[in-house]
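Here is the structure we will look at, set down as structure tokens.
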Amino acid sequence: MKKVIFLSALSFMSFATFAQHEGHAHAAAPAANTTTQAAKAVEAAPAETLLMKEAEYDFGKIAQGKPVTHEFVVTNSGKTAWKLDHVQAGCGCTTPVWDREQSIEPGASAKITVGFNAAAVGPFSKPVTITYNGSQTKVFNIKGEVFTTPAASAPANQGVSELKNN
């Protein structure tokens, strides 16, 4: 039994030693290739042509059940016209509205109005993704905190009202 354990430990250590030695030789070659591929991808990537004045908007504290909206302005900084293909909110509580047919010329701007229904109590941070110019995307966020509105005060005590009137 001691021989089996000894031979098992010896073979495990030899496999571990050779595995470590082989790993260094193979790790160096793909790293150089990966760097070259990453550089080509950066060169091939189209320049971002959508600029936003603000990438995040904080609504602050919002009363529960009170819908709020904010208008984001996007500007075409490219050399050709494009349109906003799709604007998608992260959940159903956030609603983006934009002109789906508007062509945005170079240097021109468009507006995206984002609404939040404030139904759930607590802090929130919701992403909104813009797809434009075919397949380019840009993400911006809305955030804030929804608080519960205080319940109505207790009804007036009739007995106290009668005493005051007498």
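Values in this text are rule-based calculations from the coordinates and carry no lab data. Values in this document were obtained by computation on a predicted structure and should not be read as measured data. Every residue, glycine among them, receives a Cβ derived from its backbone with ideal geometry; neighbour counts consider all protein chains shown.
Within the stretch 65-131, list the trypsin sites (Lys or Arg not before Pro) lying in a DSSP loop whose Cβ has at most 14 other Cβ atoms in a 10 Å radius. Of the trypsin sites (Lys or Arg not before Pro), the ones in loops of the stretch 65-131 whose Cβ has at most 14 other Cβ atoms within 10 Å are 79, 100.
State which entries of 83/138; 53/138; 83/111; 66/138 exceed 21 angstrom in Cα-Cα distance in the structure shown.
Values: 83/138 13 Å; 53/138 13 Å; 83/111 12 Å; 66/138 28 Å.
Beyond 21 Å between Cα atoms: 66/138.
At 1.567 mPa s and 4 °C, plugging the Kirkwood radius over alpha-carbon pairs of the stretch 50-147 into Stokes-Einstein gives what diffusion coefficient in µm²/s? Kindly include the intermediate steps, with their values, before the conclusion.
Values: Rh = 13.9 Å.
Translational D for this selection: 93 µm²/s.
Taking the highest mean first, how do the peptides 136-142, 112-118 order by number of other beta carbon atoms within 10 angstrom per residue?
Working: 136-142: 17.1, 112-118: 18.7.
Going by the mean number of other Cβ atoms within 10 Å, highest first, we get 112-118, 136-142.
Testing the spin-label approximation: label points 7 Å from Cα along Cα→Cβ at residue 7 and residue 69. State their distance in nm. Between residue 7 and residue 69, the simple spin-label model gives 8.1 nm.
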